[in-house]
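Handing you this structure, nothing more for now.
We did not get these values from a lab; they are worked out from the coordinates using the rules stated. Not measured: the values here are computed from a predicted model. Here the Cβ is made from the backbone with ideal geometry for all residues, glycine too, and neighbour counts use every protein chain on show.
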Amino acid sequence: MRNLLIYVHDYCSLCETMQAQLQPLVNARRIALRVIDLDEHPELQAQHAERVPVLTHDDGRLICYGRLDPEALDRALD
């Protein structure tokens, strides 16, 4: 099982959209998706706040941000 992180803000429509788009993939491709709310982690805000939502590998390697990039996600999961 692969582990991915998504950094989000509350009340962020782009964040909600990316999470909704990822949900079917999580089930189909056996992905563990951990949601990190930047509002609860101020130490991470400087790193990610300007680009939310941010999707990364669990080791921090960027996959995409702003909008889901299906091609980048496919490359990351292959």
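Long-range amide H contacts for Arg2: which residues qualify at under 5 Å (H placed 1.01 Å from N, peptide plane, sequence gap of 5 or more or a different chain)?
For Arg2, whose amide H was placed from the backbone, the distant partners under 5 Å are Ala32.
Turning to a different aspect of this structure: Please identify, among Ala46, Ala32, Ala20, the residue showing maximal mean-square fluctuation in a Gaussian network model of the chain using a 10 angstrom Cα cutoff.
Ala46
Going by amide H atoms built from the backbone, whose H comes under 5 Å of the H on Leu68, apart from near neighbours?
none
Kirkwood hydrodynamic radius, the stretch 4-78, all distinct C-alpha pairs: what's the number in Å?
12.3 Å
Working from Cα positions, state the angle (0 to 90°, nearest 10) between the long axis of helix 13-28 and the longest principal axis of the chain.
That works out to roughly 30 degrees.
Moving to a separate point now. State to the nearest 20 debye the size of the charge dipole of the chain about its Cα centre, where the only charges are +1 on K and R beta carbons and -1 on D and E beta carbons.
Charge dipole, the chain, about its Cα centre: 360 debye, nearest 20.
With point charges of +1 on the Cβ of Lys and Arg and -1 on the Cβ of Asp and Glu, referenced to the Cα centre of the chain, which listed residue (Gln23, Gly60, His48) lies farthest in the positive direction of the dipole?
With unit charges placed on the Cβ atoms, the residue in question is Gln23.
Run the numbers on the stretch 2-77 and let me know its relative contact order in percent, using alpha-carbon pairs under 8 Å that are six or more apart.
38 percent
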